[in-house]
1. Within the stretch 197-241, count every residue that is assigned to a strand (DSSP E or B) and modelled with pLDDT under 95.
2. For the stretch 195-225, give me each residue that is farther than 17 Å from VAL289 by Cβ and in contact (Cβ under 8 Å) with a residue 60 or more places away in the chain.
3. I need the full set of residues from the stretch 238-285 which are buried (at least 24 other Cβ atoms within 10 Å of the Cβ), in contact with a Gly (Cβ under 9 Å, 6 or more places away or on another chain) and β-branched (Val, Ile, Thr), in order please.
4. Look through ALA273, ALA300, ALA239 and report the one residue that is closer than 21 Å to PRO60 by Cβ and among the aliphatic types (A, V, I, L, M).
5. Having 1 or more residues that are more than 28 Å from the chain's Cα centre (by Cα), under 30 Å from THR193 (Cβ atoms) and at pLDDT 95 or above is the bar; report the helices (runs of 4 or more DSSP H) wholly within the stretch 20-133 that clear it.
6. Within the set of pairs 6 or more residues apart or between chains, which connect a residue that is assigned by TED's automatic domain parsing to the domain that holds LYS266 and surrounded by 20 or more Cβ atoms within 10 Å (Cβ to Cβ) inside the stretch 286-302 to a residue that is hydroxyl-bearing (Ser, Thr, Tyr) and part of a strand (DSSP E or B) with Cβ atoms less than 8 Å apart?
7. Given the structure, is THR135 of a type in the set (Val, Ile, Thr) and buried (at least 16 other Cβ atoms within 10 Å of the Cβ)?
8. Which of (1) outside the structural domain of SER91 (by TED's automatic domain parsing); (2) touching a strand residue (DSSP E or B) at 6+ places or on another chain (Cβ under 8 Å); (3) among the aliphatic types (A, V, I, L, M) is the odd one out, the single condition LEU305 does not satisfy?
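The values are calculated or read from the model by the stated rules, or taken from the named source; none is laboratory data. As the structure is a prediction and not an experimental result, all values here were calculated from the model. Methodologically, a virtual Cβ is constructed for each residue, glycine included, from the backbone with ideal geometry; neighbour enumeration extends over all protein chains shown.
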Amino acid sequence: MTAKVLTYRAAALAGGTLLAFSPLTAQAAQAAPAAQAPHAASTARIPARIPVQIPARTVPAVAAKGAVLVDGTNGTTLFGKEADTARPIASTAKIMAASVVLETEGVDLERQVPVKQAYRDYVTRHGSSTADLQTGDKLTVRQLLYATLLPSGADAAYALADTFGTGATEAERTASFISRLNAKAAELHLTHTRFDSFDGGGTDTSTPAELAKLARHAMKSDTFRTIVKSKQYKGEAPAANGRTRYYTWNNTNQLLGSYNGVIGIKTGTTTPAGDCLVFAATRDGKTLVGTVLNSKDRYADAAKLLDHGFGANTAKTLKLRTLPANTQRD
C-alpha cells in the first residue's frame with residue numbers, strides 16, 4: 001500500500017474521530033448522499049470555520065440588596081438581584097397611594113381639601129418628609145398628588161387617605177384607605193406586597209419585581225406620568241386667612257434630569273429600608289422600568305441598570321442634578 005493511500009486512510013480515521021466528538025458535524029455527515037463520499041479527501045482540505053464568539057453583555061454590579069430591571073412594555077425581566085425577596089419599601093409606597101386615588105371612580109382632581117392640623121402633627125410625630133401644608137389652606141386633589149409624589153409629603157398623603165377613605169373618624173378613614181391599598185395589591189397579584197401605612201412610614205414591604213409591576217401599572221395614568229416626570233411644581237391655594245398661599249415643591253428624584261430619558265418615578269428612604277428608588281426611562285421608543293431597594297448608591301445603581309437595558313455606557317459619567325437647598329430628602 002502506498003504512502004499516499006496510508007495518508008488518505010489516516011486522514012479519514014482522524015476525520016471520523018472528529019465527527020464522533022461533534023454531534024452537529026456528525027448529523028451533517030449522515031445527511032450527505034453516499035455518492036459524495038469520494039470527494040471526502042478534497043473537502044477535508046477546506047480550512048475549518050472558526051466559530052464567531054459574541055461577547056455576552058456585562059452584568060451590572062449593583063450595591064442594592066434587591067434590584068430589578070424590566071421591559072416597560074411587556075414586563076420581561078432584563079436583570080434581577082433578589083428580585084422576589086420582600087423588603088421594606090419606604091415612601092415608594094406612595095406610588096400605590098396615588099394610584100388608588102387616581103383610580104377612584106368619579107374622582108374629581110379639582111376637589112378642594114382643607115388641610116388639618118393633624119396632617120402636620122403626623123409629620124412632626126414621625127419625622128417624615130413634608131410638603132409643608134399649612135393648616136386651613138385648601139388644596140385640590142391634583143395638588144395633593146404633586147405634594148405626595150414630588151417632595152414625598154407625608155402630610156399630603158395623610159390628606160389623601162383621610163379624604164378617600166371611609167369612616168366616621170380620621171383613624172377609621174385612614175385604616176380604610178390602607179385597606180384599599182392592599183386590595184389593589186391583591187387585584188394586581190402582588191402577592192408579597194403589604195401596606196400598613198398610607199405613606200410608607202410603617203412596615204410596608206414589597207419585592208423589587210412587584211414594585212416594578214406596580215410602577216408599570218401606575219404609569220398607565222396620564223396624570224401620574226405628568227406628575228412624576230416634573231422636576232418642580234409651583235401652585236397657589238386659598239389660605240385660611242383669605243389670602244393666597246404659594247407652594248413650590250421639588251422632586252426628590254435626582255435621576256430625573258441627570259440620566260437621559262428618565263421619566264420618573266419615586267424615591268424612598270427610612271432606616272429599615274435604606275435608600276430606595278423606583279425609576280423609568282424611555283429611549284428610542286423603548287421604555288424600561290426598574291427598582292433598587294436598600295442601596296448605598298441608588299442613582300448609580302439605577303444608571304447601571306438602565307445602561308444594561310439600553311446597551312449604553314453613560315453611568316460612568318453620571319452627574320446628578322443639584323436640588324435646591326430647601327428640597328426634602330427622601
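1. 0
2. Matches in the stretch 195-225: PHE195, SER197, PHE198, ASP199, GLY200, GLY201, THR203, ASP204, THR205, THR223.
3. Matches in the stretch 238-285: VAL278 only.
4. None of the others qualify; the one that does is ALA300.
5. 117-126
6. Once the first residue is assigned by TED's automatic domain parsing to the domain that holds LYS266 and surrounded by 20 or more Cβ atoms within 10 Å (Cβ to Cβ) and sits in the stretch 286-302, its partners that are hydroxyl-bearing (Ser, Thr, Tyr) and part of a strand (DSSP E or B) give LEU288/THR282; ARG298/THR267; ASP301/SER295.
7. No; evaluated as a whole, the condition is false for this residue.
8. For LEU305, the exception is condition (1).
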